[in-house]
There are 2 protein chains.
Amino acid sequence: MLKNEVTKRLGIQYPVIQAPMAGGVTTSDLVAEVSNAGGLGMIGAGYMTPVQMREQIREIRNLTSSPFGINLFVPAEFTVTHNEIESSKHALQPIRDQLNIGGEDNVEVPSFNNILESFHEQINVIMEDKVPICSFTFGIPSKDVIKSLKKQGIILAGTATTVKEAMEIEKSGLDIVIVQGSEAGGHRGNFITDHMESLIGLMALIPQVVDHVRIPVIAAGGIMDGRGLMASICLGAKGVQMGTAFLSCVESGAKEIHKEEIRHAREDQIVLTRSFSGKWARGIQNKYISEMKAKEASLPGFPVQNTLTKGIRKASALQQNRNYMSLWSGQSPRLATNLTVKSLMKKVIKEAEDLNS
Amino acid sequence: MLKNEVTKRLGIQYPVIQAPMAGGVTTSDLVAEVSNAGGLGMIGAGYMTPVQMREQIREIRNLTSSPFGINLFVPAEFTVTHNEIESSKHALQPIRDQLNIGGEDNVEVPSFNNILESFHEQINVIMEDKVPICSFTFGIPSKDVIKSLKKQGIILAGTATTVKEAMEIEKSGLDIVIVQGSEAGGHRGNFITDHMESLIGLMALIPQVVDHVRIPVIAAGGIMDGRGLMASICLGAKGVQMGTAFLSCVESGAKEIHKEEIRHAREDQIVLTRSFSGKWARGIQNKYISEMKAKEASLPGFPVQNTLTKGIRKASALQQNRNYMSLWSGQSPRLATNLTVKSLMKKVIKEAEDLNS
């Protein structure tokens, strides 16, 4: 049951994809070790420059000869007013004071055109460096982008939170759809469906998507062991994408305090917030989330709010202060380990095979 | 994989429990047919009088010699002010006008003492009539109640939405824990954990609960076919409880318009509301839910708001007006059928066995 059209197509041994977590989590070691262990390592390149991407692709190629993939954020147009920015800065000031990062954050708010330009540069790197697999979050790229990538033989995956989004991904010509259940940690990938309506649990989401698309479905959200892998396959998925499970591994670039927090968290402490980035995301409840709760609805959208909180997130991580960090986690923190990637992969596959025998 | 300690203990053939949906859904035909097909039929007795309970237990015993169960709501203390009631009545008046049920609803708001008294009467019926299985929602009954029921050999189950709630259920001495995922339709069963924090998807909830209790776990929420049954078993559950799947069946007492609405709904149209009963519940989005949205936070709690909306729910159902009915549904409406119970059970078991072979 663990060999199927997806493992064949991706050229991997086991249908386990490491979720492309952005922000430094997906070190070259992490990505390469997942691929070396028979899964698919993925670079979370959403926030990367072309130079950073090239360097990491090169590093990974030195560490593994197995396939790996890369993930990009599809830019979406946005509007933001001067007032929204000022009011967010005002709300963030007491937190900056707490962290002693004083003064104003003289951040430059990105424009949509700049973001779109960076996205095209990222696409160019992927084509030039011939990364074999590319997945997208927050939307579907343009027809031209899809056409160019497919021409190079790059296998493409999209991220969906509802049947409708999955059907649009199939229609656009992408090869695989990753369905993100409400259990998932980090940013919500909904791009057509509204936030609240997009919170579908995997037990409901997988079979309904499977019944409505012909392309293979990969399940993501709260899956951290062989039980989740086999359950997803029973529901009709061809594999799983695991984030928090790999984030807690030895090789992940997440801060130690972040890994520790996950290992000590309970499932009912993992909440949804849009205060960090302007986009809804799931992480461990902390002081920042509680303090910003009342202002949450009026904050600027992604990526503006993300830019405005960059200094806070960086300083709190450096100060090892859990209160103001974005401690992303899915809903299964009690299943987290502190294993190496190799041991985790062995454990997951053994659990799955035991269930299957 | 379908025979286990739960099927043995309950004396049933397949680990499939029909969710005890209150409000007339669980007709004697529905309950008896589920038990006749090898599952466990359950009476949703939450709102029933002792007379109604006795009558239905007798009816079911005429229709099946297999075990069946019954479910009760555990009363919780509540406070309500005159102002809250008046303000809710005021908000409901335009809807009453729409439905031509004019004037004030001269409803008597129940007191906690009355509710507790009714609950003890319900418990007495279950003991006198020796119903073999009894499950609870909205909390854990008192030690005395548990002791009395267990003395009669009645098998007891509790409903949990988090690991903490499941552990409390085990500690209280109940025999089985039903874990309700965020996917579930109808009322949320959380009784310790707050609403938002209790919304855990089954993919995350089942394995985390299984790892923390020794009593068997039954999974509920969005499960409607053999794929969900086998997935739940992979995750460590010993069986499933299905609500919407049986609600859509021929024998269910749900209004035809309710069944039709489910069959035409999409997973992203199923929302959470507390406007119908004062307790959060999941159902199909309609005019009532949208219109009450802004007032939702300030409405009286359960069961007061439930009493205040009774006339509206009844009139809209009689008038076949979907706009103001409580159209409870889990997150998998696309998996609904219009089969008889017998055919649905056959389908579910065949799908599960095919996956298992």
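The values are calculated or read from the model by the stated rules, or taken from the named source; none is laboratory data. This one's a predicted model, so the numbers in the text were calculated from it and none came from an experiment. Here Cβ is always computed from backbone atoms with ideal geometry, including for glycine, and neighbour counts include all displayed protein chains.
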Selection count, region B:1-42, where residues are free of Cβ contacts under 8 Å to residues at least 40 places away in the same chain and buried (at least 24 other Cβ atoms within 10 Å of the Cβ)
3
How about region B:220-301: which helices (runs of 4 or more DSSP H) wholly inside it have at least 1 residues that are modelled with pLDDT of 95 or more, among the aliphatic types (A, V, I, L, M) and surrounded by fewer than 24 Cβ atoms within 10 Å (Cβ to Cβ)?
B:256-264, B:287-292
In the set A:Ser326, A:Ser332, the lone residue that is within 14 Å of chain B (Cβ to nearest Cβ), among the small types (Gly, Ala, Ser) and under 17 Å from A:Gly186 (Cβ atoms) is A:Ser332
Taking region A:193-223 and keeping only residues that are of a type in the set (Gly, Ala, Ser) and more than 7 Å from chain B (Cβ to nearest Cβ), one is left with A:Ala219, A:Ala220
Quick one: B:Gln320 ticks every box in (1) on the phi > 0 side of the Ramachandran plot; (2) within 13 Å of another protein chain (Cβ to nearest Cβ); (3) not hydroxyl-bearing (Ser, Thr, Tyr) bar one, so which box is it?
(2)
Number of the condition not met by B:Leu149 [criteria: (1) surrounded by 16 or more Cβ atoms within 10 Å (Cβ to Cβ); (2) within 20 Å of the chain's Cα centre (by Cα); (3) not polar (S, T, N, Q)]
(2)
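Matching residues to (1) touching a Leu at 6+ places or on another chain (Cβ under 8 Å); (2) within 14 Å of another protein chain (Cβ to nearest Cβ):
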| position | (1), (2) |
| --- | --- |
| A:Ala231 | yes, yes |
| A:Lys238 | no, yes |
| A:Arg263 | no, yes |
| A:Leu299 | no, no |
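Okay, residues lined up against (1) among the polar types (S, T, N, Q); (2) under 21 Å from the mean Cα position of the chain (by Cα); (3) closer than 25 Å to A:His212 by Cα:
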position	(1), (2), (3)
B:Glu260	no, yes, yes
B:Thr273	yes, yes, no
B:Gly283	no, yes, yes
B:Lys287	no, no, no
B:Glu291	no, no, no
B:Phe302	no, yes, no
Please work out if A:Leu149 is within 11 Å of chain B (Cβ to nearest Cβ) and under 26 Å from A:Arg9 (Cβ atoms).
no
Condition check for B:Glu170: acidic (Asp, Glu), over 24 Å from A:Gly201 (Cβ atoms) and away from chain A (no Cβ under 14 Å)
no
Go through the residues of region A:185-196 one by one and say whether even a single one is in contact (Cβ under 8 Å) with a residue 24 or more places away in the chain and in a strand (DSSP E or B).
yes
Any residue at all in region B:179-192 that is within 14 Å of chain A (Cβ to nearest Cβ), touching a Ser or Thr at 6+ places or on another chain (Cβ under 9 Å) and surrounded by fewer than 19 Cβ atoms within 10 Å (Cβ to Cβ)?
yes
Qualifying positions in region A:197-219 - crowded, with 24+ Cβ neighbours inside 10 Å and in a loop (DSSP other than H, G, I, E, B):
A:Leu199, A:Ile200, A:Gly201
Here are some residues: A:Ile12, A:Ile43, A:Ile57. Which one is within 16 Å of A:Cys249 (Cβ to Cβ) and aliphatic (A, V, I, L, M)?
A:Ile43
Look at A:Ser88 and say whether it is farther than 27 Å from A:His120 by Cβ and in contact (Cβ under 8 Å) with a residue 60 or more places away in the chain.
yes
